[in-house]
Amino acid sequence: MSNYIRNVFGYYPGNIFLYKLAFKHKSSAKEKTHGNKVCNERLEYLGDAILDAIVAEYLFKKFPFENEGFLTETKSKIVSRNSLNVLSKKLGLDKMLESDSGVKITQRSIGGDALESFIGAMYLDKGYKFTKKTVLKYIIKTHINVE
């Protein structure tokens, strides 16, 4: 996993546990903490918020004369479930997922959820500034056409 992250995103993780958790779908979670399965859902929640903030700031600066409606619509397209699923597949995140064999990764939002979880793990491991720089360089500017 460390090599995958290095090859795709250009860095080695500090806390590998966070990244393993980011790729653990609830269908494969067996252990329980305080009655909840240990899976990527909480990291997904965090990563969703971080990704929204990064994309919002990027668009705000990239399009200084556009109105709020344009910025909101553009952000919505970038962070839509479908866009994140496609992006997850391009990055190979779908191959990193640990899920129950009965769950079809391509038919649900699992890939996009994993991308958000990964961003949440990166944020907890490396901080906001690093996460923003990495998401902009390896995800937004590389894989998303914002023009």
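Using beta carbons and a limit of 7 Å, which pairs, at least six apart or on different chains, have the first residue in region 66-82 and over 15 Å from residue 54 (Cβ atoms) and the second one outside any helix (DSSP H, G or I) and of a type in the set (D, E, K, R)?
Filtered contacts from region 66-82: no entries.
Which ones in region 36-52 are of a type in the set (A, V, I, L, M, F, W, C) and without any contact (Cβ under 8 Å) to a residue 60 or more places away in the chain?
38, 39, 49
Looking for something within 15 Å of residue 24 (Cα to Cα) and modelled with pLDDT of 95 or more - is there at least one such residue anywhere in region 48-61?
no
In region 102-147, which residue that is in a loop (DSSP other than H, G, I, E, B) and small (Gly, Ala, Ser) is modelled with the highest pLDDT?
Checked region 102-147; the qualifying residue modelled with the highest pLDDT is 127.
Considering only region 69-86, I want to know if a residue exists there that is farther than 24 Å from residue 141 by Cα and either surrounded by fewer than 19 Cβ atoms within 10 Å (Cβ to Cβ) or modelled with pLDDT of 90 or more (or both).
no
The values are calculated or read from the model by the stated rules, or taken from the named source; none is laboratory data. All figures in this text were calculated on a predicted structure; none of them were measured in a lab. Backbone-built Cβ (ideal geometry, glycine too); neighbour counts: all protein chains shown.
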